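Heads up, the thing below is written out as structure tokens.
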């Protein structure tokens, strides 16, 4: 069960980075790309939180799992911001 718990976090990181970078390359707008990444991250980990809450039977485990997913949303959003910001700067420098 722990493997699936962590797999959701890795999936969310991968999907949000992919969509954020794709949006950044298409529009070259950092805010829009970051917002896309955050929304993808939030949706993915919200689904994971629902899954975790429904599969676990222990109340403490349910609450802690959802809290860990909430913490993962924040950490992944920070990672997305850093990666997108660096990618955005490098694409601007390549054009000039």
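Numbers for the structure displayed
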| read-out | value |
| --- | --- |
| Odd one out for residue 57, checked against (1) more than 11 Å from residue 84 (Cβ to Cβ); (2) assigned to a helix (DSSP H, G or I) | (2) |
| Residue pairs meeting the criteria (Cβ under 7 Å; at least 6 apart or on separate chains; first within 11 Å of residue 5 (Cα to Cα), in the stretch 49-69; second part of a loop (DSSP other than H, G, I, E, B)) | 65/56 |
| Count of residues meeting criterion [without any contact (Cβ under 8 Å) to a residue 60 or more places away in the chain and part of a helix (DSSP H, G or I)] in the stretch 1-35 | 21 |
| Lone qualifier among 74, 38, 83 - being within 18 Å of residue 14 (Cβ to Cβ), part of a helix (DSSP H, G or I) and free of Cβ contacts under 8 Å to residues at least 40 places away in the same chain | 74 |
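Here, each number is a calculation from the coordinates, and none is a lab measurement. Values in this document were obtained by computation on a predicted structure and should not be read as measured data. Backbone-built Cβ (ideal geometry, glycine too); neighbour counts: all protein chains shown.
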